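Visitor: Quick one: structure below, then a few questions.
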Amino acid sequence: MAVWDIASRLLGLLLLFHTWRAWAVVEVEMEDIVEVFRGDTAQIYCKFTSEDGIGAIDIVWFYTARTGDRQKIYFQDSTMKLVDRGTPFTDRISVNGTGANGVVVLTINEVKLKDELEFICFIKSLTDGKGEGRTKLRVFETPKFPTIDAVRTGISVSETGLSKIGVCDVKNGFPKPNVTWYRDNTPLHNVPDEVKVISSTTTESSGLFSVKSELSLQVTKEDKDAEFYCEVNYFVPGETRMTETNRINITVHYPATAVSLWVESPKGKIKEGDSIEFHCHDNGNSASSFTITDERGDPIEESKVLKNVTRRNNGVYNCNSLDLETGEEISANTTVVVNFLDPAVVIPEDIAVVALGKGLTATCNALSSLPTSTAWFKNGKEIFKGHTLTLRNATFDTTGTYVCVVTVPDIDGMETSGTLQVNVKGPPEIERPDNTEIEESVETSVHLSCSVRGFPAPIVNWTTSDGKVHDSKSKLTGEGVQSEVSFKVTSDVTAVCNAFNEHGTDTVAFHIKTTIHTTTQATNTTSTTISSTTVKGATDIQIKKEGNGVVIPVIIICVLLLALLGSVLYFFYKKGKICGRSGKQDLTKEKSSKDNIVVEMKSDNTEEAILLGVNGEKLSPSD
């Protein structure tokens, strides 16, 4: 019995050793999962160890069908390599390596979605040792960018039940993408009577998945500013990726709980003449109608504008908001103050008269709803600030128009003005001209003027030293009178501007000297007058009337007398009363060679003397 036990134990150890040796012959190592994008190439590695040589090993590749059955697609031994015909992988697979290094690689080209299967590498040795490994092939497709559509109509918070917010859609992904809704940054999940998310998946003809997700909510007022969007998670080889849709807003209708009324234009304080534009708005988001009325309940026109307002438009204005869905009415009001500035009042009014050397006080005020500022101007220049203007020791320079301008500093362009004419009472005062000595040609017109200050306005006339009173033109100025006169001068004369009023007189004299310009041209004509005295023609003789005015008439008389004397002598000569024609007596003490009376006339324009005989014959210079 003992021997049998020992023999049995030895036999068991022998069998155990033999079985362990058989198991240890072939060991296969493969990856659990291989991931690849659709259309790419997949490589599945099969690593094995065997005590048998390469020539004693068979390599077989299988895939597990969706039914669970094994389908052989490839066989290899020491003599051949064979791809099975009629399988989904017949034209798309190849195996690299002989197994000499313990590695073979199954390559699948143009991977399809249907290729997402389990692949088996089976190794068998000649000693009946065998082993196998398994790898799952995972196929991926990136989905298209997701889209989101919001509801187009507004949603009322008073609606019962859930309201549809929008739909997210993601197409053509593999495996199926996951969609999550967000409000602002908070994910939304199904909550009874508050949030409902319904997702549906469609398998396209290509085998890809499209997912559509619809969100419904119980809308509240706070949702009017919320942003809704979808987050899509999808898978790629080795990782999970995420993308988001655009943000959307929804229109939420909710009843108003408060209303506001304000003046949109003008900004700031209102003044008379402005146009007031009212705006009325409530905090609701449902359809409402607004009515603006004044204190008396009279409605403002449709444009909500009051034009050319006055202080009579002061008061409280109301706005009533009527919710067209619920019929509820709420109201608000605002107070309108129209500021005014009355016309300026100047005292004394219009015109003030002050005596020379005396003083004057004037005031300028305007009634206003706001504080005012006053400034006085003369000739466009500011001369004083304040409501009261004081003038001391008045002179004629004080005369003029004073303008007071009253403004409201708080409102641009709000101002009024008044004027005061100040006249200084006193005798005339003529402004002395720079030159009272004037030189003019005879028979020309002279124009004179004088400016006279004084009040009452002086009367001005013009007289000349020859006793004449000339017509003049006078016009009133801000300070007095401006007078002008024109007359023709024939000789030296003095013109006097005379000004007078009830307080006195004043004069100014203008001394006018005349000049004469005379031109005498030389001639070549001859006259039989006096003896052989030579007379030269005078040219451009200018004679002033300072005692020389009688010279010209004397010269003219002398010339006429000489011509008369010559004619008488010639007459007696022709009658033979003076001397015979034989030439025995001379008219002069000097004896002429031919007893002729000769007059030699020279001209500035000739260098040769022309000699004429008694009978007009032309004689040579030697004769």
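Visitor: Residues in the range 66-118 that are within 25 Å of Glu51 (Cβ to Cβ), surrounded by fewer than 16 Cβ atoms within 10 Å (Cβ to Cβ) and among the small types (Gly, Ala, Ser): how many?
Guide: 3
Visitor: Out of all the residues in the range 88-114, which are in contact (Cβ under 8 Å) with a residue 60 or more places away in the chain and touching a strand residue (DSSP E or B) at 6+ places or on another chain (Cβ under 6 Å)?
Guide: Listed by number, the residues that qualify are Val105, Leu106, Thr107, Ile108, Val111, Leu113.
Visitor: Identify all residues within the range 299-315 that are assigned to a strand (DSSP E or B) and either surrounded by 13 or more Cβ atoms within 10 Å (Cβ to Cβ) or on the phi > 0 side of the Ramachandran plot (or both); write none if there are none.
Guide: Here is the first cut: in the range 299-315, the residues assigned to a strand (DSSP E or B) are 299, 305-306, 315.
Matches in the range 299-315: Val305, Leu306, Gly315.
Visitor: Restricting to the range 282-324, name every residue that is within 15 Å of Glu264 (Cα to Cα) and of a type in the set (Phe, Trp, Tyr).
Guide: Tyr317
Visitor: Tell me, please, whether a residue that is in contact with a Leu (Cβ under 7 Å, 6 or more places away or on another chain), buried (at least 17 other Cβ atoms within 10 Å of the Cβ), farther than 17 Å from Lys358 by Cα and not charged (D, E, K, R) can be found in the range 390-405.
Guide: yes
Here is a yes/no grid of residues against (1) in contact with a Leu (Cβ under 6 Å, 6 or more places away or on another chain); (2) farther than 19 Å from Glu27 by Cα; (3) polar (S, T, N, Q):
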residue	(1), (2), (3)
Phe75	yes, no, no
Asp84	no, yes, no
Thr87	no, yes, yes
Ser94	no, yes, yes
Thr107	no, yes, yes
Lys112	no, yes, no
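Visitor: Something else now. Could you pull out the residue among Thr477, Thr520, Thr494 that is over 26 Å from Lys425 (Cα atoms) and either at pLDDT below 85 or touching an Asp or Glu at 6+ places or on another chain (Cβ under 8 Å) (or both)? Even if it seems obvious, please write down each step before you answer.
Guide: Values: Thr477 fails: over 26 Å from Lys425 (Cα atoms); Thr494 fails: either at pLDDT below 85 or touching an Asp or Glu at 6+ places or on another chain (Cβ under 8 Å) (or both).
Sole residue among the options that is over 26 Å from Lys425 (Cα atoms) and either at pLDDT below 85 or touching an Asp or Glu at 6+ places or on another chain (Cβ under 8 Å) (or both): Thr520.
Visitor: Further question on the same structure: Could you please let me know if Asn314 is in the same structural domain as Thr334 (by TED's automatic domain parsing) and closer than 12 Å to Ala332 by Cβ? Spell out how you get there, then give the answer.
Guide: On the way: in the same structural domain as Thr334 (by TED's automatic domain parsing): yes; closer than 12 Å to Ala332 by Cβ: no.
When the stated conditions are applied, Asn314 does not pass them.
Visitor: Let me ask you something else. Kindly indicate which of Gly418, Gly400, Gly359, Gly467 is more than 28 Å from Val496 (Cα to Cα) and modelled with pLDDT under 95.
Guide: Values: Gly418 fails: modelled with pLDDT under 95; Gly400 fails: more than 28 Å from Val496 (Cα to Cα); Gly467 fails: more than 28 Å from Val496 (Cα to Cα).
The conditions single out Gly359.
Visitor: For residues that are of a type in the set (Gly, Ala, Ser) and modelled with pLDDT of 90 or more, scanning just the range 480-491, find the one that is farthest from Thr515 (Cα to Cα). Even if it seems obvious, please write down each step before you answer.
Guide: Step one: of the range 480-491, the residues of a type in the set (Gly, Ala, Ser) are 480, 483, 486, 491.
So of that shortlist, the ones also modelled with pLDDT of 90 or more come out as 483, 486.
On the way: Ser483: 27, Ser486: 18 Å.
Out of the qualifying residues, it is Ser483.
Visitor: Just need a number here: residues in the range 382-418 that are in contact with a strand residue (DSSP E or B) (Cβ under 7 Å, 6 or more places away or on another chain) and part of a loop (DSSP other than H, G, I, E, B).
Guide: Of the residues in that region, 9 qualify.
Visitor: Taking the conditions exactly as written (touching a Pro at 6+ places or on another chain (Cβ under 8 Å) and among the polar types (S, T, N, Q)), does Thr293 satisfy them or not? Write out each step before concluding.
Guide: Working: touching a Pro at 6+ places or on another chain (Cβ under 8 Å): yes; among the polar types (S, T, N, Q): yes.
The answer is yes for Thr293.
Visitor: Moving on. Filter the range 286-314 down to the residues that are within 19 Å of Val338 (Cβ to Cβ), modelled with pLDDT under 85 and among the polar types (S, T, N, Q) and list them by number.
Guide: If the condition is that a residue be within 19 Å of Val338 (Cβ to Cβ), modelled with pLDDT under 85 and among the polar types (S, T, N, Q), then Ser303 is the only one that fits.
Visitor: If you don't mind, there's one more thing I want to ask. If you take the residues in the range 290-344 that are touching a residue at least 40 places away in the same chain (Cβ under 8 Å) and among the small types (Gly, Ala, Ser), which one is farthest from Ser158 (Cα to Cα)?
Guide: Ranking the qualifying residues of the range 290-344, first place goes to Ala344.
Visitor: Look at Ile155 and say whether it is touching a His at 6+ places or on another chain (Cβ under 8 Å), surrounded by 15 or more Cβ atoms within 10 Å (Cβ to Cβ) and either closer than 29 Å to Val191 by Cα or not assigned by TED's automatic domain parsing to the domain that holds Met242 (or both).
Guide: Working: touching a His at 6+ places or on another chain (Cβ under 8 Å): yes; surrounded by 15 or more Cβ atoms within 10 Å (Cβ to Cβ): yes; either closer than 29 Å to Val191 by Cα or not assigned by TED's automatic domain parsing to the domain that holds Met242 (or both): yes.
Spelling it out, Ile155 is indeed touching a His at 6+ places or on another chain (Cβ under 8 Å), surrounded by 15 or more Cβ atoms within 10 Å (Cβ to Cβ) and either closer than 29 Å to Val191 by Cα or not assigned by TED's automatic domain parsing to the domain that holds Met242 (or both).
Visitor: If you don't mind, there's one more thing I want to ask. Looking only at residues that are loosely packed, with under 15 Cβ neighbours inside 10 Å and of a type outside the set (Ser, Thr, Tyr) in the range 256-276, which one is farthest from Asp323 (Cα to Cα)?
Guide: Quick first cut of the range 256-276, residues loosely packed, with under 15 Cβ neighbours inside 10 Å only: 257-258, 260, 262, 264-268, 273, 275.
The next check asks that each one be of a type outside the set (Ser, Thr, Tyr); those that pass are 258, 262, 264, 266-268, 273.
Numbers: Ala258: 11, Trp262: 20, Glu264: 23, Pro266: 29, Lys267: 29, Gly268: 31, Gly273: 35 Å.
Looking at the filtered set, the residue picked out is Gly273.
Visitor: Hey, another quick one. Restricting the range 288-298 to residues that are exposed (fewer than 11 other Cβ atoms within 10 Å of the Cβ) and on the phi < 0 side of the Ramachandran plot, which is farthest from the chain's Cα centre (by Cα)? Break it down stepwise before answering.
Guide: To start, the set of residues in the range 288-298 that are exposed (fewer than 11 other Cβ atoms within 10 Å of the Cβ) comprises 289, 296-298.
Okay, now just the ones that are also on the phi < 0 side of the Ramachandran plot, so 289, 296, 298.
Details: Ser289: 38, Arg296: 45, Asp298: 42 Å.
This residue is Arg296.
Visitor: Considering every residue within the range 67-87, establish whether at least one is of a type in the set (Gly, Ala, Ser), closer than 30 Å to Gly238 by Cα, without any contact (Cβ under 8 Å) to a residue 12 or more places away in the chain and part of a loop (DSSP other than H, G, I, E, B).
Guide: yes
The values are calculated or read from the model by the stated rules, or taken from the named source; none is laboratory data. Small disclaimer: the values here were computed from a predicted structure and weren't measured. Positions of Cβ are generated from backbone atoms using ideal geometry, with glycine treated the same way; all protein chains shown enter the neighbour counts.
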